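Here's the structure, in structure tokens; my notes come after.
The values are calculated or read from the model by the stated rules, or taken from the named source; none is laboratory data. A quick note: this is a predicted structure, and the numbers were derived from the prediction, not measured. No Cβ is skipped: glycine too gets one built from the backbone with ideal geometry, and neighbour counts run over all protein chains shown. Each accessible area value is taken on the protein alone, full model and side chains, heavy atoms only, with ligands, DNA and RNA left out. Shrake-Rupley method; radii C 1.70, N 1.55, O 1.52, S 1.80 Å.
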Amino acid sequence: MVASDATALCWDAVGGDASALDTLAVTSCDAWLAGPLAVDDLAVGSVGAALLSAAELADARVGRRPFVAL
């Protein structure tokens, strides 16, 4: 499963490179938090952006980008 639009928006908001979104594997985007707002999408987006940020930091420190999955 590919990263959601919310993930792309969150990643763009922190200045992330759009090509990095291809390295994020999202295994399940099922709705867990019922409600009128898209809280599930926002949760996946924000956590995905945080994981991509951590992967970039690891790449900068050791020269190897880890696999990122959510």
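Before moving on, here are some points about what is shown:
- Surface per residue (accessible, 1.4 Å probe) for the chain, Å²: 67
- Net dipole in debye of the chain [+1 Lys, Arg Cβ; -1 Asp, Glu Cβ; about Cα centre; nearest 20]: 320
- Mean separation of Cα contacts under 8 Å, 6 or more apart, over the residue count of the chain: relative contact order %: 40
- Note on exposure: 4, 46 ranked by accessible area (1.4 Å probe, complete protein assembly) read 46, 4, with the most exposed listed first.
- Angle in degrees between helix 39-62 and the longest Cα principal axis of the chain, rounded to the nearest 10: 10
- 5 angstrom amide H check on residue 25, placed H, neighbours 5+ away: 68, 69, 70
- Taking the square roots of 5 times each eigenvalue of the Cα gyration tensor of the chain, largest first, gives ellipsoid semi-axes of 23, 12, 9 Å.
- Secondary-structure-derived ellipticity at 222 nm for the chain, considering helices only, amounts to -15500 deg cm²/dmol, per-run term -39500 (n - 2.57) for DSSP H runs with n ≥ 4.
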